[in-house]
1. Which one of these is crowded, with 16+ Cβ neighbours inside 10 Å and under 30 Å from Glu59 (Cβ atoms): Tyr134, Tyr143?
2. Quick one: is Thr461 part of a loop (DSSP other than H, G, I, E, B) and surrounded by 16 or more Cβ atoms within 10 Å (Cβ to Cβ)?
3. Between residues in the range 87-98 that are closer than 14 Å to Ile41 by Cβ and residues that are among the aromatic types (Phe, Trp, Tyr), which pairs lie under 7 Å by C-beta distance while being six or more apart or on different chains?
4. Looking at Glu476, Glu504 in this structure, which one is out of contact with any Leu (no Cβ under 8 Å at 6 or more places or on another chain), not assigned by TED's automatic domain parsing to the domain that holds Glu399 and not in a helix (DSSP H, G or I)?
5. Filter the helices (runs of 4 or more DSSP H) completely within the range 612-723 down to those with at least 1 residues that are touching a residue at least 60 places away in the same chain (Cβ under 8 Å), within 16 Å of the ligand (Cβ to nearest atom) and among the β-branched types (Val, Ile, Thr).
6. Do we have Arg547 as out of contact with any helix residue (DSSP H, G or I) (no Cβ under 6 Å at 6 or more places or on another chain), closer than 19 Å to Phe640 by Cα and outside any helix (DSSP H, G or I) here?
Amino acid sequence: MQKFDKAMLKKEIENNARKLFRRELTELNEKEAFHAVAAAIQNQIIDDWILTTKRAEEEDRKRVYYLSMEFLMGRALGNNILNLSAHEEIKEVIEELGLNLSALEDAEPDWALGNGGLGRLAACFLDSLATLGYWACGCGIRYKYGFFKQQIVDGYQKEVADDWLKDGNPFEIRRAELAKEVRFGGWVETVQEADGRLRFVHKGYQSVEAIPYDTPVVGYDNHIVDTLRVWDAKAKETFSLDEFDKGNYQKAVESANMARNIVEVLYPNDNHYAGKELRLRQQYFFISASVQTAVDSYVKKHDGDVKHLADKLAFQLNDTHPTVAVAELMRVLMDDYHLTWDEAWEITVNTCAYTNHTIMAEALEKWPIELFSKLLPRIYQIVEEINRRFCEDVRKKYEGNAEAKIAKMAIIYDGQVKMAHLAIIGSHAVNGVAALHTEILKKQELKDFYEMYPEKFSNKTNGITQRRWLLHANPELAEWVTEKIGDRWITDLSQIEKLAVYAEDKKAQSEFMAIKRHNKERLARYIFEHNGIKVNVDSVFDVMVKRLHEYKRQLMNILHVMYLYNQIKDHPEREFYPHTFIFGAKAAAGYKTAKLTIKLINSVAEVINNDASIKDKIKVVFIEDYKVSSAEVIIPAADFSEQISTASKEASGTSNMKLMLNGALTIGTMDGANVEIVKEVGVENAFIFGMSSDEVIELEHNRSYKPMDIFNNDQEIRRVLMQLVNGFYSPEDPELFRPLYDSLLNTKESDVADRYFILKDLRAYMQAQEEAVKHFQDREWWARAAILNTAHAGKFSSDRTIEEYVKDIWHLDKIEM
Ligand code: 73E
């Protein structure tokens, strides 16, 4: 290996300053300096990036295309530097230039092309794929506006547009030469060829040009660089002079607007399907472009042969959002490459695989036939044929009750196109994202499909990348781990198990706790700067960071805080260990109950934080604009990890894994990956409470749950609930929180009261909290348990997850570099 040339990098950064801003580096502000440095880092990456592609092509490696509407990447600069082999030297250069790396990092906007766990999972997967040496391409949309920025105004969430590209993205490369045409609308004409075959010709469509932007995904210390490819849209002829001359100016402008609209903004819904035409347009837009390029580049490499495509190409569908890929691949193979239906179908099924991320009914994608067939006439025709053949198979297999099966399993039924059914039927592999979730899919949600295709189903428990979530986010702990067990954990997290021997070691315990304290100080500074609240770093840092959703039960958390406050007011003489409740959460813009919950948290914070009589025993902090980069500050500082979803509802969760890895203890239900976390760390090193998923499902079925009984019989809980409607936290408008009260107790025929069993689990939650706080005060016990949480997090590396996908679904070989 050539020695790294520090002088050259220095010169390059200085030159970039002149080239980009015609000023000296020393005269640049932080944002400008970020651009000067980032451009130089991109230059460090570029040769490896080119070489990776070249090697992969020479070795004829199979490539996985991770198709996803969302990639929640966070910031790139710090992570790219860390993953480059010369990261030490690069850091030295930055320092020697008098720059402050962490200030430069803070000048980069987050790449917020995702909502939450699903998008962040895609980002962790790309990091693992590159680090493990697999050839991969993430395909998505280059949203002009990413996930909105959240401002808290008077306690309410306000959404502000995220104009993340306004200063340009130094890591992206526009690949105009790879542009593709995507067609919408029109109709299909059938033409009989001379040889008797039918040809389907798409007429009267509107074209949009898809232009890819590539950004590098740097593997850790291995010179491998994969690609995140996001698509921008342009009207095919932005200024159609033809139209203009004919006085059709309006039409030309309309088609430009249509193209612009497609990539304008990320839908801010998590675990929720809105059924908007524009969303389907987005889906088909990036899928058609991605599938066409993938097939083209395969065919180019393989001398025009398309028949063995499935050997060299895998499409992973990140939930049902990219499911039109099944029909689009069929279209390309039949219409562009002239394969027969059967040939195309075999290739398609062998190429596609589908990951299910949720069983929430409101997240199921079902498109009205009318909308679907108008927007995508040729694709609809193909889906109809897939459906017809599938129903035939069902009739053959289930002679007696075929019609009942078809009613449940058909792709097209009741006037709707059911995307999950298309995804399952069109894939050779279907997986859930945690053991419990996969079991629920097999036994309940997808029971009929599991019965028909048992061989397709498997579990792939989610993971997170330890590079971002420990090495980058918590450098002090990372260094400590390396000092104790060496640095192999960075690329093999199972190594971290070796820390377990230090759990009882007094010296190691105090070192570990000192690091936690430093991270709490860092977060305390962040909170003071952003919220103006002074928090006590000796208090429990009780962290709940995730999207705001009723099933995740932030409301249960804040009801417990309200209860504690009542206790302290009633019994000021009692001992109470200081407790800081930290929330970070965005609500979908149209989700009223979620938004009101944010207001409630802030109103409770307002009252409690300003009540001098409780002597700072409780602080409530709502951190504005929770995102990947703030997670990197919050998570290392956590003592408690709140994972309190209604059992069966959270498919996996991934903040639970990040918090565990950083030495927080879980307060949680037996839901999603919590089940596996507890199995790894031992139930004695977590605080588990509440109903099991079987109990929840049973109670949902028999509809016997009456939250009003709890209201009637539990005086302390009743008092808390009454405070929602008596103005205790909203004196100016006592009715303000009535909708939350109603959501818990309302017994109107049409509604289900307390759908997520908050009151049912509340007592158990309060007890688990009490236990946790008691244990927290036993510093030795806590240090031991915290170290054990870090030590037993090895399973939850996304490297492990990716290796399972590779072995069971994708069958990739590593690139040799
Ligand atoms: O439990 C999480 C899971 O950890 C799940 O809720 C989330 O995916 C994570 C990664 O597997 C998820 N997000 C969505 N569905 N499941 C979703 C649905 C529609 C739009 C956007 C996101």
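1. Tyr134
2. Numbers: part of a loop (DSSP other than H, G, I, E, B): yes; surrounded by 16 or more Cβ atoms within 10 Å (Cβ to Cβ): yes.
Spelling it out, Thr461 is indeed part of a loop (DSSP other than H, G, I, E, B) and surrounded by 16 or more Cβ atoms within 10 Å (Cβ to Cβ).
3. These pairs meet every condition: Glu89/Phe4.
4. Details: Glu476 fails: not in a helix (DSSP H, G or I).
Selected residue: Glu504, the only one of Glu476, Glu504 that is out of contact with any Leu (no Cβ under 8 Å at 6 or more places or on another chain), not assigned by TED's automatic domain parsing to the domain that holds Glu399 and not in a helix (DSSP H, G or I).
5. It comes to 628-634, 674-681, 693-702.
6. Against the criterion (out of contact with any helix residue (DSSP H, G or I) (no Cβ under 6 Å at 6 or more places or on another chain), closer than 19 Å to Phe640 by Cα and outside any helix (DSSP H, G or I)), Arg547 qualifies.
Quick grid of which residues meet (1) away from the ligand (no atom under 16 Å from the Cβ); (2) under 24 Å from His811 (Cβ atoms); (3) without any contact (Cβ under 8 Å) to a residue 40 or more places away in the chain:
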residue: Arg55; (1), (2), (3): yes, yes, no
residue: Val64; (1), (2), (3): yes, yes, no
residue: Leu72; (1), (2), (3): no, no, no
residue: Ser85; (1), (2), (3): yes, no, no
residue: Asp110; (1), (2), (3): yes, no, no
residue: Gly116; (1), (2), (3): no, no, no
residue: Ala122; (1), (2), (3): no, yes, no
residue: Phe125; (1), (2), (3): no, yes, no
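Conditions tested, residue by residue: (1) of a type in the set (Ser, Thr, Tyr); (2) away from the ligand (no atom under 16 Å from the Cβ); (3) surrounded by fewer than 17 Cβ atoms within 10 Å (Cβ to Cβ).
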{"residue": "Tyr298", "(1), (2), (3)": "yes, yes, no"}
{"residue": "Leu309", "(1), (2), (3)": "no, yes, no"}
{"residue": "Phe315", "(1), (2), (3)": "no, yes, no"}
{"residue": "Asp336", "(1), (2), (3)": "no, yes, yes"}
{"residue": "Leu339", "(1), (2), (3)": "no, yes, no"}
{"residue": "Asp342", "(1), (2), (3)": "no, yes, yes"}
{"residue": "Glu346", "(1), (2), (3)": "no, yes, yes"}
{"residue": "Asn356", "(1), (2), (3)": "no, no, no"}
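The values are calculated or read from the model by the stated rules, or taken from the named source; none is laboratory data. The shown structure was predicted, so the numbers you read here are calculated from the model rather than taken from an experiment. Backbone-built Cβ (ideal geometry, glycine too); neighbour counts: all protein chains shown.
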